[in-house]
Amino acid sequence: MTFDEALPIILRHEGGATITDDPRDPGGLTKYGISQRAFPSLDIRNLTEADAAAIYRREYWDKAKCDSLPAHLRLTVFDMAVNMGVGKAITLLQKACGVVQDGLLGPNTIRAAERLPDGLARLCAERALAYTGMRGFDVYGRGWLRRTFATALEGRK
């Protein structure tokens, strides 16, 4: 799984070019999944797909070091970084791997992820459990859980 293969999946889960401003969503105004809250200086309404792609690569894929991970975990970690934050994504990966949870993806976490035969299943379980404790689970929980398992399946292709 490469960034170019993962991005269309993320954009689909994030609603593509549709502009949303759900008052229940703390992100506020959003397009391509890029929110005004996360990027207050951006003109979200005029955001292009190319702009969104650059943000996704720089702020999520690269910061989560997805290229360093086993291929079958890349999409799930990328999607978690987008949906939960980079630090949370790495911490949950570390929890699934049974290593120190410091939120920094280093060689110990990468080696542990490579050796973990059921890493994707463990990661999805940790992600699902984390969602149940998040604000908004009553509104968005079903969608978050569907997305968890859909990206796991898509990442294995």
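The values are calculated or read from the model by the stated rules, or taken from the named source; none is laboratory data. Predicted, not measured: the structure shown is a model, and the values here were computed from it. Cβ coordinates were reconstructed from backbone atoms using ideal geometry, including for glycine residues, and neighbour counts include every protein chain displayed.
Things worth noting here:
- Residue in the stretch 1-23 that is over 22 Å from residue 66 (Cα atoms) and in contact (Cβ under 8 Å) with a residue 40 or more places away in the chain present: no
- Being among the polar types (S, T, N, Q) and farther than 19 Å from residue 25 by Cα is true of residue 76.
- Of all residues making up the stretch 1-15, the number that are over 18 Å from residue 140 (Cβ atoms) and either in contact with a Leu (Cβ under 6 Å, 6 or more places away or on another chain) or surrounded by fewer than 17 Cβ atoms within 10 Å (Cβ to Cβ) (or both): 6
- Complete set of residues in the stretch 40-65 that are assigned to a loop (DSSP other than H, G, I, E, B), surrounded by fewer than 17 Cβ atoms within 10 Å (Cβ to Cβ) and either hydrophobic (A, V, I, L, M, F, W, C) or touching a residue at least 12 places away in the same chain (Cβ under 8 Å) (or both): 63
- Filtering the stretch 69-79 to residues that are over 11 Å from the mean Cα position of the chain (by Cα) and either among the aromatic types (Phe, Trp, Tyr) or loosely packed, with under 15 Cβ neighbours inside 10 Å (or both) leaves only 71.
- Residue that is nearest to residue 68 (Cα to Cα), among those in the stretch 140-157 that are surrounded by fewer than 12 Cβ atoms within 10 Å (Cβ to Cβ) and over 15 Å from the mean Cα position of the chain (by Cα): 157
- Any pair with Cβ under 8 angstrom, 6 or more apart, that starts in the stretch 101-114 at a residue that is under 17 Å from residue 86 (Cα atoms) and without any contact (Cβ under 8 Å) to a residue 40 or more places away in the chain and ends at one that is outside any loop (DSSP other than H, G, I, E, B) and hydroxyl-bearing (Ser, Thr, Tyr): 101/91; 102/91; 103/91
- Test: residue in the stretch 18-38 that is of a type in the set (Asp, Glu), at pLDDT below 95 and crowded, with 18+ Cβ neighbours inside 10 Å: no
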